[in-house]
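Remarks on the structure that follows.
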Amino acid sequence: MQPPRPRVAVSACILGQPVRYDGGHKRDRFVTDRLARELEFVPVCPELEAGLGVPRSPIHLRRRNGEIRLVGSRDHSLDLTGRMREVAARRADEFDGRICGLIVQRNSPSCGMERVAVANEDGTAAGRTGTGMFVHHFRTRCPLVPIEEAGRLNDPVLRENFLERVWCLHRWYRLGADDLAGFIRFHAAHKLLLMARGSDAYTGLGRIVSGVTRETLAERRGRYIRRFMEVLSKRVSRAQHYNVLQHILGHFRRRLAPADRRELLDLFGSYRSAEVPLAAPLTLLRHHLRRNPDPWLDQQYYFRPYPDALALRAAV
Ligand code: SF4
């Protein structure tokens, strides 16, 4: 059963827990002070779960016999590759269908999402080409779960993309597995979010919803959400948002006075040329929609993909 707020797993050191190899932490204020208001966090420290203590000898990723292993940087006999795979498998079983996102610590040989340092067999640096061992195995077993590094959440576009996916998955998990009407409503209510990633996405997913194949509902749902989350992972440019804004205006332009239409179009143009954030045209659109309600637009999560209380769209 999903809680009212999305449940998100977080590297425990980001939450301020002193679990790093040196007894320190990597508290991230944006996560602990801002996101914590709207998300339910589940702390995870894969290295402690793999049996290591605090403090502990540092570990790193190292090439050995053609594969990347998680081993001690000083104690070369320490090989945690298998144990970390088991930790990831256990957490993936526990989290599958229950958590809507994973926020991890960058550069960590266990938690890093990308560009983690990898050493050659002889210990020399091979480059920043690795993925933390926990994240690597977790991602394989739970491909729907969006993953992001805490530091990258300072980038408004990456943050927007991550949070949209977290809340979309949360809404999906709250649907009943046999709720066909809810499935259809989910698809319709995310039309503009999908359209922002290209006009084909909504139509293609619509074919899965309408069930033109012989698949069961469970098979269609599985295929749908895999493709849906894949599409949502694409970042949306200003030009793409601009097209969606125009599409929205097209829905109720006849009910607007010419001066209001002009004001909206001017604001869309200002958004496209990066003079104002996305919040500006959306706020004005929402104002007009309150005065000219449109049931189809009212249901669109594009206007409110995550709670307004986070007030993050002022930066997008
Ligand atoms: S980066 Fe991951 S493994 Fe390392 S201390 Fe933080 S939570 Fe633990």
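The values are calculated or read from the model by the stated rules, or taken from the named source; none is laboratory data. All figures in this text were calculated on a predicted structure; none of them were measured in a lab. We place every Cβ from the backbone using ideal geometry, glycine too, and count neighbours over all the protein chains shown.
Under 6 Å by Cβ, and 6 or more places apart or on different chains, what pairs join a residue from the range 104-118 that is closer than 18 Å to R159 by Cα with one that is part of a strand (DSSP E or B) and of a type outside the set (A, V, I, L, M)?
That search, which allows pairs on different chains as well, returns V104/S11; V104/E149; Q105/S11; R106/E149; M113/E149.
Which residues, taken from the range 287-298, are exposed (fewer than 15 other Cβ atoms within 10 Å of the Cβ) and either closer than 13 Å to Q246 by Cα or under 26 Å from the mean Cα position of the chain (by Cα) (or both)?
Result: W296, D298.
Can you find, within the range 95-127, the residue that is nearest to V42 (Cα to Cα) among those that are of a type in the set (D, E, K, R) and over 23 Å from the mean Cα position of the chain (by Cα)?
By that ranking, first place goes to E121.
Residue pairs, Cβ under 6 Å, 6 or more apart or interchain, first in the range 1-18 and closer than 16 Å to W167 by Cβ and within 11 Å of the ligand (Cβ to nearest atom), second aromatic (F, W, Y) and at pLDDT 95 or above. List them.
Between residues of the range 1-18 that are closer than 16 Å to W167 by Cβ and within 11 Å of the ligand (Cβ to nearest atom) and residues that are aromatic (F, W, Y) and at pLDDT 95 or above, there is no close pair.
Which one is nearest to D96 (Cα to Cα) among residues in the range 30-74 that are away from the ligand (no atom under 16 Å from the Cβ) and exposed (fewer than 12 other Cβ atoms within 10 Å of the Cβ)?
My answer is R37.
Here is a list: E149, E164, E160. Which entry is touching a Cys at 6+ places or on another chain (Cβ under 9 Å) and buried (at least 17 other Cβ atoms within 10 Å of the Cβ)?
Only one candidate passes the filter, namely E149.
Any residue in the range 231-247 that's farther than 19 Å from R262 by Cα: show its pairings with residues that are surrounded by fewer than 16 Cβ atoms within 10 Å (Cβ to Cβ) and of a type in the set (V, I, T) at Cβ separation under 7 Å, as long as the two are six or more apart or on different chains.
The qualifying pairs are R235/V157.
If you check R34, R56, R20, R62, which single one turns out to be over 19 Å from A89 (Cβ atoms), under 23 Å from the mean Cα position of the chain (by Cα) and among the charged types (D, E, K, R)?
Testing whether each residue is over 19 Å from A89 (Cβ atoms), under 23 Å from the mean Cα position of the chain (by Cα) and among the charged types (D, E, K, R) leaves just R34.
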